[in-house]
């Protein structure tokens with residue numbers, strides 16, 4: 001990964017073979033980022049997607065192993081118990097131009113990942129919400 | 001809804017049961033926001049989507065009542081006759097990871113909505129465009 | 001095209017009949033924009049989408065001639081040999097609310113295009129990467 005820092009924002013180039021969520025969590029620690037909004041494009045493979053089943057209070061998961069255009073990648077940076085959390089959703093393009101997508105557990109950059117982070121000064125924290133058994137933002 | 005204000009931006013947590021478009025229009029009034037760009041993720045239900053039929057000069061509409069991952073939510077804040085207008089498009093993920101989407105008339109947050117607004121100082125206004133019978137941005 | 005400039009950002013209204021990628025490349029030159037992140041919504045027609053085939057080191061391409069809701073448009077502005085490059089991905093909505101998408105080679109605005117650009121002071125350059133035969137960001 002390489003990056004440019006400009007004022008309160010970062011622009012990342014995540015490289016082939018690097019996992020996208022952990023790459024952003026790593027720069028969050030290295031650069032002491034307190035919170036942020038994320039958008040990006042690129043290409044991914046070995047992508048584990050989730051769909052939150054509200055009745056079962058858990059994510060369904062499935063891993064997709066082809067190479068996909070990363071058509072939309074958006075989310076945010078916050079903390080849970082002092083550990084950075086990237087919460088992101090992704091939309092993937094297939095060779096026939098049809099799409100799949102979901103909550104992004106993990107994905108490996110297949111060609112390049114071009115990701116923009118707008119940081120904020122305040123730290124955003126998450127807290128367990130018992131209704132859903134999910135860690136939601138706690139402002 | 002809860003929110004954090006940081007410089008010229010807002011980060012919202014919209015809660016289960018709250019309608020997303022009117023929630024953002026309400027904070028626009030309460031915080032005297034003049035204009036802005038919006039991106040967000042979360043989960044929605046009772047979603048009314050639109051597709052603008054240019055020949056008929058009107059939106060087709062359909063309401064979808066399952067629970068969906070909100071994979072992409074993007075748009076902007078402007079005004080029409082001093083009333084705030086959130087113009088947003090949405091992409092929704094289903095349990096089999098296939099997608100639907102359209103112009104977002106309304107949607108109820110199903111779990112949480114995490115929405116980032118970058119505000120601008122200038123007020124953006126809309127004006128009726130007779131060719132399409134739509135209220136387009138008038139800079 | 002009309003636009004508002006506010007601090008380090010631009011908000012564009014791209015009009016019916018204007019090609020979206022070249023419109024943004026033109027304003028990049030006219031306003032001497034060094035780099036930026038882009039998001040937008042609107043409606044497109046005559047859209048040429050791409051999927052990068054990593055084995056063949058080339059894009060598959062197909063042109064879609066109906067009118068589509070532009071549900072997600074995201075990317076960035078950089079330079080290759082002093083020529084501005086808009087790298088963008090797009091997701092398009094059809095009348096039945098199903099979607100297609102891909103790398104965006106070109107698309108003509110069908111009704112309106114509402115596009116937000118967050119600029120940065122540093123110039124971003126691209127360089128040929130021989131592994132993929134693609135021009136990747138070189139920070």
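Using the rule -39500 (n - 2.57) for each DSSP H run of four or more residues, divided by the residues of chain B, the 222 nm mean residue ellipticity is -2500 deg cm²/dmol.
Under the simplified labelling scheme, the residue B:128-residue C:4 pair shows an inter-label distance of 2.2 nm, with each label point 7 Å from Cα along Cα→Cβ. Within 10 Å of the Cβ of each residue in A:67-80, the mean number of Cβ atoms contributed by other protein chains is 6.
In terms of its C-alpha gyration tensor, the protein assembly as shown comes out rounded, because the ratio a/c of the largest to the smallest axis stays below 1.5.
For chain B, a Gaussian network of Cα nodes joined below 10 Å ranks B:122, B:82, B:96 by mean-square fluctuation, and the top entry is B:96.
Among A:5, B:83, sorting on how many other beta-carbon atoms sit within 10 Å of each Cβ, with the fewest leading, yields B:83, A:5. Spatial offset of segment C:77-97 relative to segment A:66-139 amounts to 21 Å, using the alpha carbon center of each.
Here residue B:55 yields copy-to-copy label distances, from shortest upward, of 4.1, 4.1 nm, the label point defined as 7 Å from Cα along Cα to C-beta. For the peptide A:112-118, the mean number of other protein chain Cβ atoms found within 10 angstrom of a residue's Cβ is 5. Residue by residue along C:46-58, Cβ atoms of other protein chains within 10 Å of the local Cβ number 3 on average. Residue B:105 label point (Cα plus 7 Å toward Cβ) to equivalent points in the other copies: 3.7, 3.7 nm, shortest first. Using a 7 Å projection from Cα along Cα-to-Cβ, the label point at residue B:127 is separated from the same position in the remaining copies by 4.8, 4.8 nm, smallest value first.
Taking packing as the residue-averaged number of other Cβ atoms within 10 angstrom, the listed peptides C:123-134, C:106-117 run from highest to lowest as C:106-117, C:123-134. Structural descriptor for chain C: relative contact order 33 percent, calculated from alpha carbon pairs under 8 angstrom and at least 6 residues apart. Averaging 1/r across all pairs of distinct Cα atoms in chain B and inverting the result yields a Kirkwood radius of 15.4 Å.
Counting neighbouring Cβ atoms within 10 Å and putting the fewest first, the residues B:8, A:78, C:22 line up as C:22, B:8, A:78.
Every number in this text was worked out from the coordinates using simple rules, so none of it is lab data. What you are looking at is a predicted structure, and each value in this text was computed from that prediction instead of being measured. Glycine also receives a Cβ, built like all others from the backbone with ideal geometry; neighbour counts cover every protein chain displayed.
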